[in-house]
Amino acid sequence: MSRLRNVLLPLLTGQVMLLLWWLASALGWFPVGTVPSPPEVAASLVEELRSSRLITHMIASLYRVSWGFCAGAVTGVGFGLLVSRSPVARAAVLPWINFFRSLSPIAWVPFAILWFGLGDPPAIFLIFMSTFFQLALSTIAAATTVPQVYYRVASEMGLPRREVLLGVTLPAIVPNLVLSLRVAAGVAWMVVVAAEMIARDSGLGFLVLDARSGLRMDLVVVAMVTIGAIGICLDLLFARVMMIQSVRWGVER
């Protein structure tokens, strides 16, 4: 019943919002030419799917976010693990991790274009920057909460530093780490859309910009709906990962 409720309630609220949107369009509550009606958006969606243009833009965006997110996740978590076991290293780098984490990834756009030109690399770089510092900080914070008894046992067993990090620290922080990855994936997905609006000629962000320039507000809404739908799918994917028993143990203990 709980799962059924979690599915039916969002569908119900979605239908209410769709109905309100439809009524507002029919009654002329929006300025002319600013907000398309649901039938206009549906027609544009069908048109874009039939021509495969929307699929092409989706694949381009997912390609960039996959490379940038994976690179940022691997290096960010790895860096966080290395720093977490040294109080001196934490004191030295934590302020700077917070400094760069606080910078909007869009602020890196001029440098990304100068360093990498146009194409996929600058967008991937921006996604990497939005992921690396966030996950490095989350990894360090999670590692400091690991019970010290784990490390005492590892020390008595004579485990080398590498095995302690990969065999003790990493498994212990998996629950918190998956949650951080879930948040970082959402941020990365927002960043790729913004990056494509500035430095690309394909992708969902470019579709929004191109449709706006052509005054095709129906296509703008199609792109927005697609972006939101993919964001929900990414979030649900990580939510399912968090339900895996080997991940949940850290939350339930």
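Rule-based calculations on the coordinates, nothing more; no lab input. The structure displayed is predicted, hence computed values, not measured ones. Positions of Cβ are generated from backbone atoms using ideal geometry, with glycine treated the same way; all protein chains shown enter the neighbour counts.
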For region 38-252, the spread of Cα positions along each principal axis, largest first, Å: 67, 41, 21
In nm, spacing of pseudo-spin labels at residue 22 and residue 144 (7 Å Cα→C-beta vector): 5.3
Semi-axis lengths, Å, region 61-157, gyration tensor of Cα atoms, sqrt of 5 times eigenvalues: 32, 15, 9
Separation between Cα centres of region 81-118 and region 10-43, rounded to whole Å: 42
Ellipticity estimate at 222 nm from DSSP helix runs (n ≥ 4, -39,500 (n - 2.57)) divided over the chain, nearest 500: -27500 deg cm²/dmol
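How do 61-70, 16-25 rank on mean C-beta neighbours within 10 Å, highest first?
Ranking the peptides 61-70, 16-25 by packing returns 61-70, 16-25.
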Note, ³J(HN,Hα) from phi for region 69-86, Karplus 6.51, -1.76, 1.60, rounded to Hz, x at Gly and Pro: 5, 4, 5, x, 5, 5, 6, x, 5, x, 5, x, 5, 5, 6, 4, 8, 10
Added length on full extension, which subtracts the Cα-Cα distance from 0.36 nm per residue, residue 213 to residue 37: 61.4 nm
Using a Förster distance of 25 Å, the FRET efficiency for residue 62-residue 5 (Cβ separation, nearest 0.05): 0.25
Pair residue 161, residue 244: separation of 7 Å Cα→Cβ label points (nm): 2.9
The chain: most fluctuating residue of 197, 224, 157 per GNM, C-alpha cutoff 10 Å: 157
Dipole magnitude of the chain, debye to nearest 20 (Cβ charges: Lys/Arg +1, Asp/Glu -1, about Cα centre): 780
Residue with peak Gaussian network fluctuation, the chain [Cα springs, cutoff 10 Å], from 138, 155, 130: 155
HN-Hα J in Hz across region 172-179 - Karplus 6.51, -1.76, 1.60, θ = phi - 60°, x for Gly and Pro: 6, 9, 3, x, 5, 5, 5, 5
Length released on extending from residue 82 to residue 51, taking residue separation times 0.36 nm less the Cα-Cα span: 6.3 nm
Kirkwood-based shape ratio for region 1-55, expressed as Rg/Rh from alpha carbons: 1.13
Full-stretch length increase - residue 15, residue 224 - with 0.36 nm per residue and alpha-carbon distance subtracted: 73.5 nm
